[in-house]
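The values are calculated or read from the model by the stated rules, or taken from the named source; none is laboratory data. Quick caveat: nothing in here was measured; it's all calculated off a predicted structure. Here the Cβ is made from the backbone with ideal geometry for all residues, glycine too, and neighbour counts use every protein chain on show. Protein only, heavy atoms only, side chains kept; ligands, DNA and RNA dropped before computing areas. Shrake-Rupley method; radii C 1.70, N 1.55, O 1.52, S 1.80 Å.
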Amino acid sequence: MQVRLMITGGTIDKVYNQSNGELEFDKTHFPEMIKRSRIEVNIIPQELTLIDSLDMVDSDRNLILESCEKCDEQFILITHGTDTMCDTAKLLGERDMKKTIVLFGSMVPYAVNNSDALFNFGCALGSVQLLGSGVYIAMNGRVLPWSDVEKNRSLGVFQNLK
């Protein structure tokens with residue numbers, strides 16, 4: 001089994017800048033995360049961009065969409081910022097590509113203590129191997145279809161639509 005890992009940024013890949021006290025991007029942490037997790041699935045990483053999802057525009061989402069449509073793999077993981085993850089999932093889900101696509105991210109950067117990054121990565125990787133074709137979001141130990149998921153900003157979790 002081959003799994004395409006499309007890296008787009010989001011909190012999961014941010015680092016803390018001690019000079020200015022801000023979270024920002026340096027480089028992706030996924031080579032380290034894959035090695036640390038001792039994954040035996042053939043993962044093909046592809047860095048598309050490293051941006052905060054609040055800065056994501058239509059051309060960024062179209063790049064993700066085109067990359068999903070063009071790649072040979074049937075199983076795709078997409079790292080994504082949590083603020084607009086549902087928007088990208090909807091765009092992909094409405095295309096009905098007959099691939100299994102799971103978006104995930106984290107609320108706390110991988111590089112920061114007590115991050116949920118590895119947990120969400122593992123949940124997404126396990127899910128993509130078991131789910132049927134479609135688009136899903138894997139966060140907080142739940143895997144929800146694109147058409148029935150929202151981010152509850154006050155609780156900081158993803159849940160079914162009300």
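Values computed for the structure shown
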read-out: Residue in segment 117-125 that is surrounded by fewer than 14 Cβ atoms within 10 Å (Cβ to Cβ) and free of Cβ contacts under 8 Å to residues at least 40 places away in the same chain present; value: no
read-out: Members of segment 144-162 that are part of a strand (DSSP E or B) and in contact with an Asp or Glu (Cβ under 8 Å, 6 or more places away or on another chain); value: 151, 158, 159
read-out: Test: residue in segment 130-138 that is at pLDDT below 95, open to solvent by 10 Å² or more (accessible area, probe 1.4 Å) and either out of contact with any Pro (no Cβ under 9 Å at 6 or more places or on another chain) or not in a strand (DSSP E or B) (or both); value: no
read-out: Which numbered condition residue 69 fails, given (1) open to solvent by less than 40 Å² (accessible area, probe 1.4 Å); (2) more than 23 Å from residue 153 (Cβ to Cβ); (3) modelled with pLDDT of 95 or more; value: (1)
read-out: Filtered residue count, segment 2-50, keeping only those that are surrounded by fewer than 16 Cβ atoms within 10 Å (Cβ to Cβ), of a type in the set (Ser, Thr, Tyr) and assigned to a helix (DSSP H, G or I); value: 1
read-out: Filter result (farther than 14 Å from residue 88 by Cβ, of a type in the set (Lys, Arg) and at pLDDT 90 or above) within segment 145-162; value: 153
read-out: Lone unmet requirement of (1) at pLDDT 95 or above; (2) of a type outside the set (D, E, K, R); (3) part of a loop (DSSP other than H, G, I, E, B) for residue 120; value: (3)
read-out: Cβ pairs under 7 Å, 6+ apart, first in segment 11-28 and of a type in the set (Val, Ile, Thr), second open to solvent by 100 Å² or more (accessible area, probe 1.4 Å); value: 15/26; 28/47
read-out: Residue within segment 96-111 that is of a type in the set (Gly, Ala, Ser), modelled with pLDDT under 95 and surrounded by 15 or more Cβ atoms within 10 Å (Cβ to Cβ) present; value: yes
